[in-house]
Amino acid sequence: MSAQDAALETIKETANGAGMGAATAFTVTTVAAACPPVALALTAMSPVLLAAGGTGMIYEFFKILDDHKQQVKEYYASLTQRELQYLQDIENKLLYEHSKNLEFLNESKALNAEITQRPIESGVEGALKRYLESAAIAESLGATPIGNKLLPVFQKSLPSA
């Protein structure tokens, strides 16, 4: 319950209490003025009525306090559940990202093994041929070879001798 809600509730309860008190005082005063024996009886009973009213107010005060404690417990329990759900969602996202990273690493290992376990030819022509084959393998698997942008288009084919 927010401070504004508490203040509004207090004002409502005060207004209700004031209205009930005013109505009761008016009724008692009217009856007492109209019938003096009732006034004597009310005067004699006033300590008992005071004790009963005070006890009722104390009871209501502690009832309101207990209700508030229960509301606070429920609020914090729900807050804790929301936080746990939020943390669970974060953990699930992290596990998903981790599995994607592991999958990517496994694909990278396979690609690397396929590219590096080919025969190596000597000379510049052999190196260029190996590079172009590696680039073709990488592109066929959806990867972009590093340095591919550095070679001009005309150098991607071997000149015939």
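Observations on the model:
- Within a straight-line Cα-Cα reach of under 17 Å, K100 can be paired with the following aspartates and glutamates, leaving aside sequence neighbours fewer than 8 residues apart in one chain: D89, E91.
- If you bin all the Cα-Cα distances of region 1-64 at 10 Å, starting from zero, the percentages per bin are 18, 37, 27, 13, 4.
- Percent of alpha-carbon pairs separated by more than 24 Å within region 1-126: 68 percent
- Residue by residue, region 117-123 carries 3J(HN,Hα) couplings of 9, 9, x, 9, 9, 8, x Hz when phi is fed to the Karplus relation 6.51 cos²θ - 1.76 cosθ + 1.60 (θ = phi - 60°); x denotes Gly or Pro.
- Adding -39500 (n - 2.57) for every DSSP H run of four residues or longer, then dividing by how many residues the chain holds, sets the calculated 222 nm ellipticity at -30000 deg cm²/dmol.
Rule-based calculations on the coordinates, nothing more; no lab input. Note that the structure is a prediction, hence the values are computed from the model and not measured.
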